[in-house]
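Trainee: Sharing a structure below in structure tokens format, with a few things to ask.
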Number of protein chains: 4
Amino acid sequence: MANKVGKSFGSDNHAGVHPAVLAALAAANDGDAVAYGDDEVTRIATARLCAAAGARSAYLVFNGTAANILGLSLMIRPYEAVICADTSHLNVDECGAAERVLGCKLLTVPTADGKLSPRLIAERLTGRGDEHRVQPRVIQIAQVTELGTCYSLRELRELREFGQQNGLLTYLDGARIANAAAYLGCSLADIAACADILSFGGTKNGALGFEAVLVMSEKLADGAQYHRKQQMQLASKMRFLAAQATALLADDLWLANARHANAMAARLADAIAGLPGVGLAYPVQSNGVFAEISRQQAFRLGQDWNFHVWSEGADDRCVVRLMTAFDTSAADVDGLAAAVKAAVVSRET
Amino acid sequence: MANKVGKSFGSDNHAGVHPAVLAALAAANDGDAVAYGDDEVTRIATARLCAAAGARSAYLVFNGTAANILGLSLMIRPYEAVICADTSHLNVDECGAAERVLGCKLLTVPTADGKLSPRLIAERLTGRGDEHRVQPRVIQIAQVTELGTCYSLRELRELREFGQQNGLLTYLDGARIANAAAYLGCSLADIAACADILSFGGTKNGALGFEAVLVMSEKLADGAQYHRKQQMQLASKMRFLAAQATALLADDLWLANARHANAMAARLADAIAGLPGVGLAYPVQSNGVFAEISRQQAFRLGQDWNFHVWSEGADDRCVVRLMTAFDTSAADVDGLAAAVKAAVVSRET
Amino acid sequence: MANKVGKSFGSDNHAGVHPAVLAALAAANDGDAVAYGDDEVTRIATARLCAAAGARSAYLVFNGTAANILGLSLMIRPYEAVICADTSHLNVDECGAAERVLGCKLLTVPTADGKLSPRLIAERLTGRGDEHRVQPRVIQIAQVTELGTCYSLRELRELREFGQQNGLLTYLDGARIANAAAYLGCSLADIAACADILSFGGTKNGALGFEAVLVMSEKLADGAQYHRKQQMQLASKMRFLAAQATALLADDLWLANARHANAMAARLADAIAGLPGVGLAYPVQSNGVFAEISRQQAFRLGQDWNFHVWSEGADDRCVVRLMTAFDTSAADVDGLAAAVKAAVVSRET
Amino acid sequence: MANKVGKSFGSDNHAGVHPAVLAALAAANDGDAVAYGDDEVTRIATARLCAAAGARSAYLVFNGTAANILGLSLMIRPYEAVICADTSHLNVDECGAAERVLGCKLLTVPTADGKLSPRLIAERLTGRGDEHRVQPRVIQIAQVTELGTCYSLRELRELREFGQQNGLLTYLDGARIANAAAYLGCSLADIAACADILSFGGTKNGALGFEAVLVMSEKLADGAQYHRKQQMQLASKMRFLAAQATALLADDLWLANARHANAMAARLADAIAGLPGVGLAYPVQSNGVFAEISRQQAFRLGQDWNFHVWSEGADDRCVVRLMTAFDTSAADVDGLAAAVKAAVVSRET
């Protein structure tokens, strides 16, 4: 895949770093600091993350896969299993990190829209107490999901309650949790309260690269610092991860970035959803638009625009994923929308 | 451990980021780039790393522990073993990452100065062909070692030859390889030619945070990209790791940084080695001075200066590690030397 | 679950040891023998296993789960994946041994009858070359499957060919391979020729407890002895595993045992398949009958007979698994068949 | 290594099965039994094992390596470490099973006689609380050690107390625990009381092949059955492991076997210890004699007798291990002693 002219809709990871984050890195570069997180910048960042989420402790790591694995490693023994959507990043896009590092099985569930429900989870609870079977221990959900959808707070609370009733902990992959908070109009703490451990994603939200693992109870945090190091996620110059977090949390920049990206996705969806032959595969509830178009249209659009063909459908249909970011402009969106329209029209002529 | 007044001699990781590296990060923040390394900045950085070392491929990762584990994972099956110095970072300071992620045993060897030799390695080659024993497969060395010492090129070549004669691959931990090249007055390629896989450390050399795994033969690189992802080391906004590498390689900044740090260590050693009651535990061959002093002196010195007590010795003696960095000034060194002198003098009165 | 009066149909593992196997154990108990397999009994047993299957080497292990894991460990790196039926023993009944010991992901496939096909496998081959995804490497099939069905030799050969065309190795779980050979009327070698590595199950076939991993090519056997030891499967008094294998191979006892068990299953199926309200969930192609009956009938039958309720169906239906063994008699079968008939009749009155 | 004429002194594993054990296997082969341990024979065996050791639960496994790994897996997280003698079976002879299956590091300690002490353990307790270091959690000892020595009960209790004071659990490898009880003249429970988890070895004591993991507290047993299955140690026809245990426990056969083996070792040591040029490398406290002789003598003796050269010494010396078993006769011992004498005499002429 090569760079194209114009704004990429390929991923919110294609975006660069927010200027405030870059500025924070420069500001943190002020003389020496003790390594591995025993410094003021890190203390402030983790304290603010905890305060924002109502968490007991926070651990900065390098990327989203690492956050998921570290979080789960605090909850699970090798014979225990994680119930997750079959489309989840954890299952599909982490190259088997869970299996290798945790040594545990993922019990995957097909879903309509990337979201688990008590009913879907219950289907994977067979075999409890049977020593031949892995023992379900964790519900793993993503908020936002890989399909751009969000759980409502009510849905999250139902999952949480179901988990507690069934001896299951909840891990929430928050690589795009900012977009979820923006969509739901709720606080980070509102979402975090529905999880035992969650991640807070910085990278897709304008950071250079950091994620945080937020642990909601003291008990689950036991040994977390050793797991992080053993999992190769302890930054020596930690202050430069922490400074990113501080920059995003200051004046709720994280939320502003997410609101903007969400708004751009909504603008895009509005512009193309009504076009002939264009459908929305999933409701637009964050910064991703999953549009169903024909393969020929996708091919034509791909000449000039960067996006992912998410899945192949029946006949000549496919779903393309169009992601917006903190720095996507209305003009970018309008340009893409025009191109989609052109691709559709050319099909019809 | 808290920040102290003045320059830290606690670690080269206590230093911040070289201005050229920060500038490169800002320069790389130019619009969108495809994620996960499929971008121009990364292509250039890896090409330059390969060129400098004579390597076939290069993989950027987040930290030194990760570089070691990724490199070893390309060489080893779980029942095979890594022979390393008992003082090695791999054995002591990586919280068992090798055991957890590789599932293999480290066969440790006591050494006088952190350096392996054919004779020392030979002692751990018993049990080959015995199915009850792990099978030695890799010689793991560090250049610079954890004790600040360097192998000569001749020693490296002897190890390499010994390895080849005995069916052993060589992995070289190059977290401070720049300091070794500076000390030996040789090229990166001269050192790299003695290894099958090595790491190139950026973080201790003025980077914000990156290391590179350099693979010298095409065969060993098979599957490296999957191992990196599975080991949670694939950066999404890779260009910002790559930009750091490019900045350090430009105009041999990496070498200049290392030379300076080495020179400061030499200056420090010269200033304190002759003082009464002060000894050098190891020859000073890089940017670390391992000084043997009394515990009382160490305690007194620790009031104002940041360093590590490396090991406790007999009677009231201990070894303190004094590290210099790319940004340590002659005045910093002279200040510390004066303090050491004062601590010594106060003892004598 | 407690013992019931009369023959158990709960599992072929409920049966005891064939008298010839017990006699072989006693005969092998003749003075000393070198441990860990360096003895005559083991040499003979492994040679005979290799000869019967056309294999290059054979490794005795303790149970079926261990055979599967050892076999797969010779084929796979942690980032590679195993494609298997979602109902497979490997996926369902081994408590996550694959994930823990191999560190790899199982890519599961829903099937109609426990059998994979090129078409089903092809669906899991997406993402090859994508570093975010595990890379499919092994097709794992069972012959007999967990649902009692057998692949025809033609189907096996098609799978094998498909695998070779797609860079996939084939592992065959032969815990009940004897029953498959008996059903197909073919040799062990006919089946083995369709796999790269397979297991040969002794335990369900009248042994006290042993399985063999048969490796068809020299290359794949590299390091097998170390994997076996590391996986805790090296018996010290190996001759007593080997003696069991020798006893089963002598005069084709393994085949006679399997033919008998298959015949008893066929007799049972014939007797009950026509009864009102009784269906066969899968074709009877080995020593298992999967009968669909009502839950009430299953409950009533369970008062006196030992069997597994395999799965719950819609309404009040369920599938019960009725297994025969080498020592199941026609009278046992007729007794059970009569009980099924009685359960059905009582329902109707 | 090939079989020699006469009794082997190569290992207590070279011996066959005690007649009472074989008889118990035949007796257990009485009709059907539910698999995987849900049968009467297993219930009785585990109850008796628990009673004999004062344990809360017992888990039968296939071999000693498996017992060690299962036991440790109940005590340890991957970042925690096991302190053990560098000569321990766990470290030397299990092909890295601990590293692969537990993912943890062994912190090895050189010892004079295979025995740990509070002082030796204390040396490995550095780095606690340092996230870069693995965290010591378990003291692993063997009773009998690999060098044939025994801890006194007082020594065991001191270790236990030291462990409790230092937050360390104790695992005791009891592959030859019977020989220790026989040597110390104490009960199994006396030894077991000094451990949190221990193994009870059957195989070297006259069994065909079984070991038991005995867990002294209910809390530590949590999840043991799943670990056992996942670690491929769940026997389907469990009654045949259990029957062996029952046979050894009946009328204290285990103790009689061990006493006899110990007596034969003592007889051997008495006969050869005074010979010129023959030394005892370690005190004889079980069923092994570690004799120091010259290499030429070892070579000559090896023409007719089966034993292991344990280690090479300075000059032309080496240590040979001479093991006795439950079935070693006084005549066997006298024959070997005469041969040693002849080898020594021939040297002197």
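The values are calculated or read from the model by the stated rules, or taken from the named source; none is laboratory data. Source: prediction; values computed, not measured. Quick reminder, even Gly has a Cβ in these numbers, built from the backbone with ideal geometry, and neighbours come from all protein chains shown.
Trainee: Check off (1) of a type in the set (Gly, Ala, Ser); (2) more than 20 Å from C:Ala85 (Cβ to Cβ); (3) crowded, with 24+ Cβ neighbours inside 10 Å for C:Ala142 and give me the number that stays unchecked.
Mentor: So the condition that C:Ala142 fails would be (2).
Trainee: Still on this structure: Would you pick out the residues in segment B:291-329 that are in contact with a Ser or Thr (Cβ under 9 Å, 6 or more places away or on another chain) and among the aromatic types (Phe, Trp, Tyr)?
Mentor: Selection gives B:Trp305, B:Phe307.
Trainee: Ok, one more. Among the numbered criteria (1) surrounded by fewer than 24 Cβ atoms within 10 Å (Cβ to Cβ); (2) more than 24 Å from C:Ser286 (Cα to Cα), which single criterion is violated by C:Leu72?
Mentor: (1)
Trainee: I'd like the full set of residues that are more than 13 Å from chain C (Cβ to nearest Cβ) and touching a residue at least 60 places away in the same chain (Cβ under 8 Å), limited to segment B:73-93. Spell out how you get there, then give the answer.
Mentor: Here is the first cut: in segment B:73-93, the residues more than 13 Å from chain C (Cβ to nearest Cβ) are B:82-93.
Of everything in segment B:73-93, those that are more than 13 Å from chain C (Cβ to nearest Cβ) and touching a residue at least 60 places away in the same chain (Cβ under 8 Å) turn out to be B:Val82, B:Ile83, B:Ala85, B:Thr87, B:Ser88, B:His89, B:Leu90.
Residue-wise test of (1) over 27 Å from D:His227 (Cβ atoms); (2) within 14 Å of chain C (Cβ to nearest Cβ); (3) assigned to a loop (DSSP other than H, G, I, E, B).
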residue: A:Cys95; (1), (2), (3): no, yes, yes
residue: A:Thr108; (1), (2), (3): no, yes, no
residue: A:Thr111; (1), (2), (3): yes, no, yes
residue: A:Gly114; (1), (2), (3): yes, no, yes
residue: A:Arg119; (1), (2), (3): yes, no, no
residue: A:Leu125; (1), (2), (3): no, yes, yes
residue: A:Arg137; (1), (2), (3): no, yes, no
residue: A:Glu146; (1), (2), (3): yes, yes, yes
residue: A:Phe162; (1), (2), (3): yes, no, no
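Trainee: With D:Ala342, D:Ala325, D:Ala266 as the choices, which residue is assigned to a helix (DSSP H, G or I) and either modelled with pLDDT of 95 or more or not hydrophobic (A, V, I, L, M, F, W, C) (or both)?
Mentor: Details: D:Ala342 fails: either modelled with pLDDT of 95 or more or not hydrophobic (A, V, I, L, M, F, W, C) (or both); D:Ala325 fails: assigned to a helix (DSSP H, G or I).
Checking each option against the conditions leaves just D:Ala266.
Trainee: Looking at segment C:269-297, which of its residues are modelled with pLDDT of 95 or more, part of a helix (DSSP H, G or I) and not charged (D, E, K, R)?
Mentor: Scanning segment C:269-297 gives C:Ala269, C:Ala271, C:Ile272.
Trainee: Here is a further query. Might you check whether a residue that is among the hydrophobic types (A, V, I, L, M, F, W, C), out of contact with any helix residue (DSSP H, G or I) (no Cβ under 9 Å at 6 or more places or on another chain) and away from chain B (no Cβ under 14 Å) occurs anywhere in segment C:58-68?
Mentor: To start, the set of residues in segment C:58-68 that are among the hydrophobic types (A, V, I, L, M, F, W, C) comprises C:58, C:60-62, C:66-67.
Then keep just the ones that are out of contact with any helix residue (DSSP H, G or I) (no Cβ under 9 Å at 6 or more places or on another chain); that gives C:67.
With away from chain B (no Cβ under 14 Å) added as a condition, the list becomes C:67.
Yes; the residues of segment C:58-68 include at least one that is among the hydrophobic types (A, V, I, L, M, F, W, C), out of contact with any helix residue (DSSP H, G or I) (no Cβ under 9 Å at 6 or more places or on another chain) and away from chain B (no Cβ under 14 Å).
Trainee: Residue by residue through segment B:197-227, note down the ones that are of a type in the set (D, E, K, R) and surrounded by fewer than 24 Cβ atoms within 10 Å (Cβ to Cβ).
Mentor: B:Glu218, B:Lys219, B:Asp222, listed by residue number.
Trainee: Which ones in segment A:35-56 are outside any helix (DSSP H, G or I) and away from chain D (no Cβ under 13 Å)? Quick ask: steps written out before the conclusion?
Mentor: The initial filter retains those residues of segment A:35-56 that are outside any helix (DSSP H, G or I), namely A:35-39, A:54-56.
Result: A:Asp39, A:Gly54, A:Ala55, A:Arg56.
Trainee: Which of the residues belonging to segment B:252-263 are charged (D, E, K, R) and either in a strand (DSSP E or B) or free of Cβ contacts under 8 Å to residues at least 40 places away in the same chain (or both)?
Mentor: In the first step, residues of segment B:252-263 are kept if they are charged (D, E, K, R); the result is B:252, B:259.
Of everything in segment B:252-263, just one residue is charged (D, E, K, R) and either in a strand (DSSP E or B) or free of Cβ contacts under 8 Å to residues at least 40 places away in the same chain (or both), namely B:Asp252.
Trainee: Anything in segment B:174-196 that is buried (at least 23 other Cβ atoms within 10 Å of the Cβ) and out of contact with any Leu (no Cβ under 8 Å at 6 or more places or on another chain)? List them, or say none.
Mentor: B:Ala175, B:Arg176, B:Asn179, B:Ala180, B:Tyr183, B:Leu188 - these are the residues of segment B:174-196 that are buried (at least 23 other Cβ atoms within 10 Å of the Cβ) and out of contact with any Leu (no Cβ under 8 Å at 6 or more places or on another chain).
Trainee: Criterion first (of a type outside the set (S, T, N, Q), more than 15 Å from the chain's Cα centre (by Cα) and closer than 19 Å to B:Tyr79 by Cα) does C:Ala189 satisfy it? Outline the logic, then answer.
Mentor: Working: of a type outside the set (S, T, N, Q): yes; more than 15 Å from the chain's Cα centre (by Cα): yes; closer than 19 Å to B:Tyr79 by Cα: no.
When the stated conditions are applied, C:Ala189 does not pass them.
Trainee: Same structure again: Would you confirm whether any residue within segment C:33-46 is within 30 Å of C:Gly167 (Cα to Cα), modelled with pLDDT of 95 or more and either small (Gly, Ala, Ser) or touching a Gly at 6+ places or on another chain (Cβ under 9 Å) (or both)?
Mentor: First, the residues of segment C:33-46 that are within 30 Å of C:Gly167 (Cα to Cα): C:46.
Imposing the further condition that a residue be modelled with pLDDT of 95 or more reduces the set to C:46.
Those left that are additionally either small (Gly, Ala, Ser) or touching a Gly at 6+ places or on another chain (Cβ under 9 Å) (or both): C:46.
Yes, segment C:33-46 has at least one match.
Trainee: Just to be sure, is A:Glu99 within 21 Å of C:Val101 (Cα to Cα) and away from chain D (no Cβ under 14 Å)? Spell out the reasoning first.
Mentor: Numbers: within 21 Å of C:Val101 (Cα to Cα): yes; away from chain D (no Cβ under 14 Å): no.
Considered against the rule, which asks whether it is within 21 Å of C:Val101 (Cα to Cα) and away from chain D (no Cβ under 14 Å), A:Glu99 comes out as no.
Trainee: A follow-up question, please. Can you name every residue in segment A:218-238 that is small (Gly, Ala, Ser) and under 15 Å from A:Leu74 (Cα atoms)? Can you show your working first?
Mentor: Kept after step one, since they are small (Gly, Ala, Ser), are these residues of segment A:218-238: A:221, A:223-224, A:235-236.
The answer is A:Ala221, A:Gly223, A:Ala224.
Trainee: Those residues that are free of Cβ contacts under 8 Å to residues at least 60 places away in the same chain, out of contact with any Lys or Arg (no Cβ under 7 Å at 6 or more places or on another chain) and crowded, with 19+ Cβ neighbours inside 10 Å, I need them from segment D:276-320; list them, please.
Mentor: D:Ala291, D:Ile293, D:Ala298, D:Arg300, D:Leu301, D:Val319, D:Val320
Trainee: Still on this model: Based on this model, can you work out whether A:Val213 counts as in a strand (DSSP E or B), touching a helix residue (DSSP H, G or I) at 6+ places or on another chain (Cβ under 9 Å) and modelled with pLDDT of 95 or more?
Mentor: Values: in a strand (DSSP E or B): yes; touching a helix residue (DSSP H, G or I) at 6+ places or on another chain (Cβ under 9 Å): yes; modelled with pLDDT of 95 or more: yes.
So A:Val213 passes the test.
Trainee: Let me ask you something else. Out of segment A:321-349, which residues are more than 22 Å from A:Thr149 (Cβ to Cβ), of a type outside the set (Gly, Ala, Ser) and surrounded by 15 or more Cβ atoms within 10 Å (Cβ to Cβ)?
Mentor: Passing the criteria: A:Asp327, A:Asp332, A:Lys341, A:Val344.
Trainee: Among the residues of segment B:228-250, write down those that are within 14 Å of chain C (Cβ to nearest Cβ), buried (at least 24 other Cβ atoms within 10 Å of the Cβ) and outside any helix (DSSP H, G or I).
Mentor: Listed by number, the residues that qualify are B:Gln231, B:Met232, B:Gln233, B:Leu234, B:Ala235, B:Met238.
Trainee: Taking the condition at negative phi, more than 14 Å from chain C (Cβ to nearest Cβ), buried (at least 20 other Cβ atoms within 10 Å of the Cβ) and basic (Lys, Arg), does B:Lys7 pass? Step through it out loud before you land on a result.
Mentor: Values: at negative phi: yes; more than 14 Å from chain C (Cβ to nearest Cβ): yes; buried (at least 20 other Cβ atoms within 10 Å of the Cβ): yes; basic (Lys, Arg): yes.
Here the answer is yes, as B:Lys7 does meet what is asked.
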